[in-house]
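Coordinate-derived values only; no laboratory data. No experiment lies behind these values; they were computed from the predicted model shown. Please note: Cβ atoms are built from the backbone with ideal geometry, for glycine as well, and neighbour counts cover all protein chains shown.
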Amino acid sequence: MELSEKTRAAALLEAQQKAGELFAEIERQGLIRASALETEINENIYALAEEMFSAKQYWHKRIVRAGRNTLAPYDENPPDLKVADDDIVFLDLGPVFEAWEADFGRTFVIGNDPVKQKLRRDIAHGFIDGKKYFQQHPDITGAQLYHYAEQLAGKNGWEYGGPIAGHLVGQFPHERIPGDKVTLYVHPDNHNRMRDRDADGNIRHWILEIHFVDRARQIGGFYEELLTIG
C-alpha cells in the first residue's frame with residue numbers, strides 16, 4: 001500500500017518525538033554521569049527504550065562517546081571510556097519505532113566547563129542555521145550543505161568533525177545504494193540536488209547532523225535530527 005506524503009512525514013515526526021522523549025528521560029534519570037562506562041550507558045539506554053516504547057531495533061549502531069572519543073566520526077569504534085568529572089558526552093541513536101526510523105543526537109556536559117558549554121550551544125545553533133540555509137536554497141546539493149556546515153564550525157571557532165553532515169531517513173530500511181557512501185549523504189562529493197525525488201517519486205527526507213570538534217582540547221559535540229520536516 002502506497003502511503004501519502006502527509007502520512008510519511010507524520011510517521012517520521014512521531015518517531016522523532018519518541019526519540020526526544022527517550023532523551024529527556026535519559027537526562028531525567030541521570031544516565032549520563034561521571035564514572036559510568038560508555039558501554040554501561042549504552043546498555044542502560046537500550047533497556048530504557050525497550051521499557052518506554054518496546055523499542056528493540058536500531059537501524060544503525062548506538063553511539064555513546066565521552067571525552068576524547070567525541071572527536072571520532074561515526075565509522076570509527078574507539079575504545080570504551082569512562083565518563084570523567086567535568087566531561088563532555090554525546091549520544092547518536094537510530095531507534096526504529098513501528099517501522100519508522102528516528103535519528104537523534106545530543107550532547108551533554110558534566111560540570112560547568114565554559115568551553116564545553118559553548119560547544120554544546122554552538123552545535124544547537126549550528127543545526128538551526130543549517131536548517132535555515134537548506135530552506136532558503138531550494139536547489140541545494142549535498143556538497144553545498146556539507147560545506148556550509150564546515151563554514152559554521154569555523155565561524156564559531158571549531159573544526160567540522162565528520163566526513164558527512166547528514167543522510168536520508170525514512171521507513172525502515174530507508175533507500176540505499178549498496179556500496180555508495182556519497183549519493184544519499186550530505187557529503188562533500190554529492191553534487192545531486194537534495195530535493196530530487198527517489199526512484200518511486202517520493203519526497204526524500206533528510207537528517208542534518210552537526211559535529212564540531214576542538215582537536216587541541218580533544219573534545220567534540222554532536223547534534224542531529226530531521227532536516228526536511230519539523
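Below are the figures for this structure:
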{"quantity": "Dimensionless Rg over Rh [the range 136-183; C-alpha; Kirkwood]", "calculated": "1.05"}
{"quantity": "Candidates Gly20, Gly30, Gly162: whichever shows maximal mean-square fluctuation once the chain is modelled as a Gaussian network with Cα springs under 10 Å", "calculated": "Gly30"}
{"quantity": "Local electrostatic count, Lys116, Cβ distance below 11 Å [Lys/Arg +1, Asp/Glu -1]", "calculated": "-1"}
{"quantity": "The range 79-171: C-alpha gyration tensor shape, a/c 1.5 cut-off, then a/b vs b/c", "calculated": "oblate"}
{"quantity": "Amide hydrogen neighbours beyond the local backbone of Thr183, cut-off 5 Å, H modeled", "calculated": "none"}
{"quantity": "Cleavage-rule hits (trypsin sites (Lys or Arg not before Pro)) in the range 112-212: DSSP loop, at most 10 neighbouring Cβ within 10 angstrom", "calculated": "Arg197"}
{"quantity": "Projected area averaged over orientations for the chain, convex hull of C-alpha atoms, nm²", "calculated": "12.3"}
{"quantity": "Reachable lysines from Lys18, criterion Cα separation under 16 angstrom, eight or more residues apart if same chain", "calculated": "Lys56"}
{"quantity": "Helix-only mean residue ellipticity at 222 nm for the chain, each DSSP H run of n ≥ 4 adding -39500 (n - 2.57), per residue, nearest 500", "calculated": "-11500 deg cm²/dmol"}
{"quantity": "In range of the label at Val115: residues from the range 59-97 whose backbone nitrogen is under 20 Å from the point 7 Å along Cα→Cβ", "calculated": "65-73, 82-90"}
{"quantity": "Label-point separation, Lys181 to Gln29 (7 Å along Cα→Cβ), nm", "calculated": "3.3"}
{"quantity": "Centroid-to-centroid separation of the range 1-22 and the range 77-141 [C-alpha atoms, Å]", "calculated": "20"}
{"quantity": "Computed over the range 5-63, the ratio Rg/Rh where both radii use C-alpha atoms and Rh is Kirkwood", "calculated": "1.04"}
{"quantity": "Span-rule helices in the chain, defined as complete DSSP H runs reaching 15 Å or more along the axis (Cα) with Kyte mean at least -1.0", "calculated": "5-28, 38-53, 142-155"}
